[in-house]
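What follows is a set of notes on a single structure, which appears directly below.
Only the coordinates and a few stated rules stand behind these numbers; no lab work does. Owing to the predicted nature of the structure, the values given are computational and were not obtained by experimental measurement. All Cβ positions, glycine included, derive from the backbone under ideal geometry; neighbour counts span all protein chains shown.
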Amino acid sequence: MSLSSKVTKMQQPTHSPAVLLEATHVRKMYGDEKRTKHGEIQGVLVLDDVSLQIREGEFVAILGPSGSGKSTLLRILSGLIHPTAGTVRYRDALVMGPDPHLAIVFQTFALFPWLTVLENVELGLEAQDLTRTQRTKRALAAIDTIGLDGFEDAYPKELSGGMRQRVGFARALVVEPELLFMDEPFSALDVLTAENLRTELLRLWREGRIPTKAILMVTHNIEEAVQMADRLVVMGHDPGCIRAILNGVPLADRLAKTPAHEHLVDLVYTIITQPDEDAGTIMAAQDGRKEQPVGPTATPKPSGRGYQSLPHIKIGAVNGLAERVQRHDGREDLAVLGRELQMELDDILPLVEAVELLGFGEAMEGDLILTDAGRRLAEGDELQDKEIFREQVLSNVELIRQMKEALDRAEDHEIQEDQILEQLEEYFSPDEARRQFETAVDWARYAELFAYDGASGLLYLEDAAPTSTQ
Ligand SMILES: Nc1ncnc2c1ncn2[C@@H]1O[C@H](COP(=O)(O)OP(=O)(O)OP(=O)(O)O)[C@@H](O)[C@H]1O
Ligand SMILES: [Mg+2]
């Protein structure tokens, strides 16, 4: 699909409203900056050189793969944590800590179970110098606005997920923040509840019924971002950076699935599923025009880990996806896939990554295209699938190949998991090393390459012939 030039033209802003918040060259490192024995820096660089402006009247959505630092960026912008380098300014003043003008809504509601709805909302006003009566009055007004009238005295456990998130919104809005930050606010809700709350929030915002001047939302849902945002910020990882900033579609194209809407969804899918491609080049190729990006597009950097990272995906899902794409002649639009399977970015990206890493398919122009091996996998029976999978794993997955080789060499064809974990921990955090190990074992077991005993932590070749007979 190509991006209609009409869309981008209609989106060019005619004037620039005031900048409310500005991040300049923000960098964030977690952990110590000490060096490993290989001379690499041990701390994890989570955000690298992120610069972003939020202007009055804007709804900005941040999208990106899991771990690209979206939540970290939101926390830095709202003053909850400090950047390692770079600055954040809110109306020209440096943001040094939590600011009453900046409020956050979290994915997990973060309510106090022992407080009523009213008390939870009043908490938002704790830092402000108000009398008890004033506080209650403002909390009641926020509760009313957000549609919780009548539930003031209820406790969180008596409420549905959607109602609890309304409390989350009321608590953020009660401070009348100029800037509202939302970190995946709808992702813990079922589809219909999310839709309902999303529509209501948009109505309050567009009708000016909340005093908020700009909204910044992190989401994994591309459709949601296109439906809501005036601008879309696409992030990439290793380390987290801004890959592209795109204009949203005109309001009239937001709710209906117009071509402009579909094109933008498609473009975002294309950029995100091609992490090694320069976003500007992708846009130019899709659009045939160079001026589409309205913000910086970073040239992707090679992975900082220097080690292949396995997406944590079950084989059944890879198989299922291949079968599904094969039914569409081996090529399917990722946006359509995401929509029909109701999968958000954090589900679909690792899956596409696994399919690509195993050589079963390739993401191109927002579509997933099966390779020969992918087609064979989709059409094979259980036994053939295992055989194809084994071939692909051995030729594409470094870690599993190394484990298999180590087992082939080892006396008794056994090795202790620690040996592998130790090696992985040079590149990953201990938790992630464990997950990498588990995924590798899961795939290798399916491929019947080797076996693993969880209780003893022993990896072994199941039907290894005794060394002497080899
Ligand atoms: N307090 C912390 N200490 C160390 N590392 C952290 C900390 N918080 C986050 N990280 C790491 O920083 C990276 C970015 O995390 P962050 O939560 O910002 O990503 P995200 O884009 O919001 O991911 P998701 O989509 O899964 O929510 C991840 O690799 C994460 O493991
Ligand atoms: Mg997050």
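Under the 0.36 nm per residue contour assumption, what length would be gained going from the current alpha-carbon distance of SER16 and TYR307 to full extension? The partial results should precede the final answer.
Numbers: separation 291, 0.36 × 291 = 104.76 nm, distance 4.35 nm.
Here the answer is 100.4 nm.
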Open item on the list: Taking 0.36 nm per residue of sequence separation and subtracting the Cα-Cα distance, how much length would be gained by fully extending the chain between THR108 and SER51, in nm to one decimal?
Closed with: 17.8 nm
TODO: Compute the length gained on full extension between GLU426 and TYR30: take 0.36 nm times their separation in residues and subtract their Cα-Cα distance, giving the result in nm to one decimal.
DONE: 141.0 nm
Open item on the list: For a quick check: with amide H placed at 1.01 Å from N, whose amide H comes under 5 Å from GLY248's, ignoring anything fewer than 5 positions away on the same chain?
Closed with: ARG231, LEU232
Task: Kirkwood estimate for segment 397-469, i.e. one over the average of 1/r between Cα atoms, Å - done: 12.4 Å
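Restricting to the chain, what percent of DSSP beta bridges are antiparallel, rounded to 5?
Numbers: 35 of 53 bridges.
Around 65 percent of the beta bridges assigned by DSSP in the chain are antiparallel ones.
Above 19 angstrom, tally the Cα pairs of segment 311-449 and express them as a % of all pairs, no decimals.
On the way: 5027 of 9591 pairs.
Result for the distance tail: 52 percent.
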TODO: Please report, in whole Å, how far the alpha carbons of the chain spread along each principal axis, starting with the longest.
DONE: 86, 51, 45
Task: Pairwise label distance in nanometres, LEU394 with ALA85, each label 7 Å out on the Cα-Cβ vector - done: 4.7 nm
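Which number comes out as Rg/Rh for segment 315-379 once both Rg and the Kirkwood Rh are worked out on C-alpha atoms? Could the numbers behind the result be given before it?
On the way: Rg = 10.2 Å, Rh = 11.2 Å.
So for segment 315-379, dividing Rg by the Kirkwood Rh gives 0.91.
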TODO: Would you kindly give the portion of the calculated P(r) for segment 159-228 that falls above 14 Å, as a percent of all Cα pairs?
DONE: 59 percent
TODO: For a quick protection proxy, order the peptides 400-407, 157-164 by their average other-Cβ count within 10 Å, most packed first.
DONE: 400-407, 157-164
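Over 31 Å between Cα atoms, which of LYS213/LYS257; LYS137/LYS213; LYS70/LYS137; LYS137/LYS157; LYS314/LYS404 qualify?
Values: LYS213/LYS257 27 Å; LYS137/LYS213 22 Å; LYS70/LYS137 35 Å; LYS137/LYS157 24 Å; LYS314/LYS404 20 Å.
In this structure, LYS70/LYS137 exceed 31 Å between Cα atoms.
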Task: Label-zone membership for segment 385-426, site ASP372, 7 angstrom Cα→C-beta point, backbone N under 16 Å - done: 388-389, 391-393, 395-396
